[in-house]
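First the structure, in the form of structure tokens, and then the observations on it.
The values are calculated or read from the model by the stated rules, or taken from the named source; none is laboratory data. In this text the structure is predicted, and so the values were computed from the model without any measurement. Cβ sites come from the backbone with ideal geometry, for glycine too, and all protein chains shown count toward neighbours. Heavy atoms of the whole protein, side chains included, go into the accessibility calculation; ligands, DNA and RNA do not. Shrake-Rupley method; radii C 1.70, N 1.55, O 1.52, S 1.80 Å.
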Amino acid sequence: MKKTILRLLGYVGRHWMRLAVVLVMMCAASLSAVAASYLLKPIVDECILPNVGAEHPDWMPLLRTLILLGIVYAVGVAASYGQTVLMVALSNRTIHSIRRDLFEHLEDMPVSYFDTTENGELMSRFTNDADAVQLAVEQTLPSFLTAPY
């Protein structure tokens with residue numbers, strides 16, 4: 001298992017810049033979620049409660065805080081979207097490299113290997129197994145990166 005994970009990380013590591021940007025976007029999305037939750041308390045305590053029952057309520061602080069909250073949520077959504085798009089691109093590039101290497105390896109195999117191995121097994125390796133690896137890179141790797149937080 002360790003050898004397989006290290007080999008997969010070798011393929012993913014080729015795109016380390018993209019992975020670094022994904023990590024930054026993941027942090028931005030997490031920070032925006034935390035910031036949004038911290039903005040909810042001032043909305044109630046400083047914007048709504050002082051205006052309850054007031055003759056001339058001042059709703060401008062509420063409006064400013066809601067606009068700020070909207071910006072924080074927009075940043076979080078943009079960061080999450082960017083992270084997803086980059087992870088899909090990274091997983092596609094990674095699986096392309098794996099399939100290319102697998103094909104080059106098959107080209108070097110002797111003809112007797114193809115006589116003894118069923119075509120369905122070879123096709124399964126190229127499609128099902130490679131798709132499973134792509135899904136793992138696309139969905140599991142972000143979870144693995146955020147686990148220390």
Rounded to the nearest 10 degrees, the helix 2-13 long axis (Cα) sits at an angle to the longest Cα principal axis of the chain of 70
Here, Phe103 and Glu55, labelled 7 Å along Cα→Cβ, have an inter-label distance in nm of 8.1
Going residue by residue through segment 97-104, the Karplus relation 6.51 cos²θ - 1.76 cosθ + 1.60 with θ = phi - 60° gives ³J(HN,Hα) values, rounded to whole Hz and with x marking Gly or Pro, of 5, 5, 5, 4, 5, 5, 5, 4
Nearest-0.05 FRET efficiency for Val34 and Ala74 at R0 = 22 Å, using Cβ-Cβ distance, is 0.90
Note on the chain: the mean projected area of its alpha-carbon convex hull, in nm², is 12.3
Hull volume per residue for segment 99-149, using the convex hull of the C-alpha atoms, in Å³ is 83
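So what is the accessible area of the chain per residue, in Å², with the probe set to 1.4 Å?
On the way: 10400 Å² over 149 residues.
That works out to 70 Å² for each residue.
What's the magnitude of the charge dipole for the chain around its Cα centre, counting Lys and Arg as +1 and Asp and Glu as -1 at the beta-carbon? Answer in Debye, nearest 20. Mind dumping the intermediate values first?
On the way: 11 positive and 14 negative charges, 86 e Å.
Computed about the Cα centre, the dipole is about 420 debye.
Taking all protein chains as present, what is the carbon and sulfur share of the accessible area of segment 66-149, in % to the nearest whole number, probe 1.4 Å?
On the way: 3510 of 5570 Å².
Percent of accessible area from carbon and sulfur atoms in segment 66-149: 63.
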